[in-house]
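Visitor: Attaching a single structure in structure tokens format; questions to follow.
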Amino acid sequence: MSAIPELTRLERHDTSMELTYDNGNQFTVTYDDLRYSCPCAKCAPLRNDDESSKSLRRQVESMPAEKPKVRTIGKYALAFDWVQGCSSGIYRFERIWALANNQDPDGGRPYVHGVW
């Protein structure tokens, strides 16, 4: 993947977050999309199959709107802590950039045994 701009600001709203990058680009990512794209070993395999992927999407959308806490993971990722649902995912900045740009953060690859 080519270099991505640096995330300079993340503003949390009630149902989404606004991302601002050092190149001036601004994006909005919904918390539903963020949760659905969780990269953890429990959630990620559910996106491999159409039926389980749809079930995961329904499960995420049925959760009450919630503004997560955000914490940095080193200088390469963010983690989102939710009161309900999965808080295990570590979202690399490349993954967040892909979500912001409406791209498949998994790159079309299935999740197999802990890696893509």
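The values are calculated or read from the model by the stated rules, or taken from the named source; none is laboratory data. All of these numbers come straight from a predicted model, not from anything done at the bench. Positions of Cβ are generated from backbone atoms using ideal geometry, with glycine treated the same way; all protein chains shown enter the neighbour counts.
Visitor: Condition first: touching a Lys or Arg at 6+ places or on another chain (Cβ under 6 Å) and closer than 30 Å to Val112 by Cα. Can you find one or more residues in the stretch 39-58 that meet it?
Guide: The answer is yes; a qualifying residue exists.
Visitor: Being surrounded by fewer than 16 Cβ atoms within 10 Å (Cβ to Cβ), of a type in the set (Gly, Ala, Ser), under 13 Å from the mean Cα position of the chain (by Cα) and within 25 Å of Val112 (Cβ to Cβ) is the requirement here; does Ser88 meet it?
Guide: yes
Rundown of residues vs (1) modelled with pLDDT under 95; (2) of a type outside the set (D, E, K, R); (3) over 20 Å from Thr72 (Cα atoms), yes/no style:
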site: Arg9; (1), (2), (3): no, no, no
site: Ser16; (1), (2), (3): no, yes, no
site: Asn25; (1), (2), (3): no, yes, yes
site: Val29; (1), (2), (3): no, yes, no
site: Cys38; (1), (2), (3): no, yes, no
site: Ala41; (1), (2), (3): yes, yes, no
site: Ala44; (1), (2), (3): yes, yes, yes
site: Asp50; (1), (2), (3): yes, no, yes
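Visitor: Looking at the stretch 42-63, I want the residues that are within 18 Å of Gly89 (Cβ to Cβ) and have a partner that is among the acidic types (Asp, Glu) and in a helix (DSSP H, G or I) with Cβ atoms under 7 Å, at least 6 apart or on another chain. Which pairs are those?
Guide: Close Cβ pairs satisfying both conditions: Val60/Asp32; Glu61/Asp32.
Visitor: Have a look at Arg35, Arg71 and point out the one that is in contact with a strand residue (DSSP E or B) (Cβ under 9 Å, 6 or more places away or on another chain) and over 22 Å from Gln103 (Cα atoms).
Guide: Result: Arg71 is the single residue among Arg35, Arg71 that is in contact with a strand residue (DSSP E or B) (Cβ under 9 Å, 6 or more places away or on another chain) and over 22 Å from Gln103 (Cα atoms).
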